[in-house]
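Beneath this line is the structure, given in structure tokens, with notes to follow.
The values are calculated or read from the model by the stated rules, or taken from the named source; none is laboratory data. All of these numbers come straight from a predicted model, not from anything done at the bench. Cβ atoms come from the backbone with ideal geometry, glycine included; neighbour counts cover every protein chain shown.
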Amino acid sequence: MLKAADLPGTIPVFPLPGALLLPRARLPLHIFEPRYLAMLDDCLKTQERLIGMIQPWEHQGREGLHTIGCAGRVTAFSETEDGRYMITLSGVSRFRVEREVEGFTPYRRCDVKWEGFDRDLGPVEHDTVFDRKSFMALLERFFSEQGLSTDWDSLKEAEDELLINSLSMLCPFEPEDKQALLEAPSLTTRRETLVTLMEFALRSGGGTGEERLQ
């Protein structure tokens, strides 16, 4: 396990709208753009093998990056016959962007700070006031409204952190909502945010999605 002292001050970042990575969770990614293939190649040469996932934003023609993202360690990768990669990032810690680094790499890099996210490098979190029964009832309504399916037995048996973080990453929320889930200071706050988002979707009619969560 990486420690705070092991985390570098500059990391490559992958701005991907709607993609959320959380500490101790896993995010599969399909890498095929030349700039991100170069990023992966450079990343694998480092000891930490870290890539920062971050939400981009656009407003009135201006583009930028959100201040807070989450770094993941490349823990699995495989190459396809046509030179693309399937990789898995394992969430390590959130970070705060200090500045974007100007340089010669085709991908983006940022100077980052890791302070303030001590929970991320600690043990698995627990939600001590989690009413699982009412949460699962709400989740079933939300999934039904969205046209989503899942393995309910596995969800019911999952530990608090795995359940809440997996749903935060997989549910079809808007990028700004994903950012709110990322920035939640504790697992309890993230669960409360998740509940609010599902309740809002149900009140607003939700809509039916074509995706299926596995």
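Structural remarks
- Looking across ARG73, ARG96, ARG35, one residue alone is touching a Pro at 6+ places or on another chain (Cβ under 8 Å) and either at negative phi or outside any strand (DSSP E or B) (or both). It is ARG35.
- Boolean, LYS178 is out of contact with any Asp or Glu (no Cβ under 9 Å at 6 or more places or on another chain), of a type in the set (Lys, Arg) and within 30 Å of TRP57 (Cα to Cα): yes
- Residue-level analysis places MET86 outside the set of residues that are outside any loop (DSSP other than H, G, I, E, B), over 20 Å from the mean Cα position of the chain (by Cα), surrounded by 11 or more Cβ atoms within 10 Å (Cβ to Cβ) and without any contact (Cβ under 8 Å) to a residue 60 or more places away in the chain.
- Residues within the range 147-189 that are among the basic types (Lys, Arg) and touching a residue at least 60 places away in the same chain (Cβ under 8 Å), tallied: 1
Residue-by-condition table, conditions (1) out of contact with any helix residue (DSSP H, G or I) (no Cβ under 6 Å at 6 or more places or on another chain); (2) more than 18 Å from GLY9 (Cβ to Cβ):
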position: LYS45; (1), (2): yes, no
position: TRP57; (1), (2): yes, yes
position: GLY61; (1), (2): yes, yes
position: HIS66; (1), (2): no, yes
position: PHE77; (1), (2): yes, yes
position: VAL101; (1), (2): yes, no
position: GLU115; (1), (2): yes, no
position: GLU125; (1), (2): no, yes
position: ASP131; (1), (2): yes, yes
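- Of all residues in the range 158-178, those being crowded, with 19+ Cβ neighbours inside 10 Å and assigned to a helix (DSSP H, G or I) number 9.
- Annotation: GLY103 fulfils all but one of (1) surrounded by 16 or more Cβ atoms within 10 Å (Cβ to Cβ); (2) out of contact with any Gly (no Cβ under 8 Å at 6 or more places or on another chain); the unmet one is (1).
- Taken over the range 6-42, the criterion of being out of contact with any helix residue (DSSP H, G or I) (no Cβ under 7 Å at 6 or more places or on another chain), buried (at least 16 other Cβ atoms within 10 Å of the Cβ) and among the aromatic types (Phe, Trp, Tyr) is satisfied by TYR36 alone.
- Residues satisfying the stated conditions in the range 1-32, i.e. part of a loop (DSSP other than H, G, I, E, B) and either in the same structural domain as THR189 (by TED's automatic domain parsing) or over 24 Å from GLU176 (Cβ atoms) (or both): MET1, LEU2, LYS3, LEU7, PRO8, GLY9, PHE32
- Residue selected from the range 43-60 under the condition exposed (fewer than 14 other Cβ atoms within 10 Å of the Cβ) and not in a loop (DSSP other than H, G, I, E, B), by the criterion nearest to the chain's Cα centre (by Cα): GLU58
- Test result for THR150, on the phi < 0 side of the Ramachandran plot, part of a loop (DSSP other than H, G, I, E, B) and surrounded by 14 or more Cβ atoms within 10 Å (Cβ to Cβ): yes
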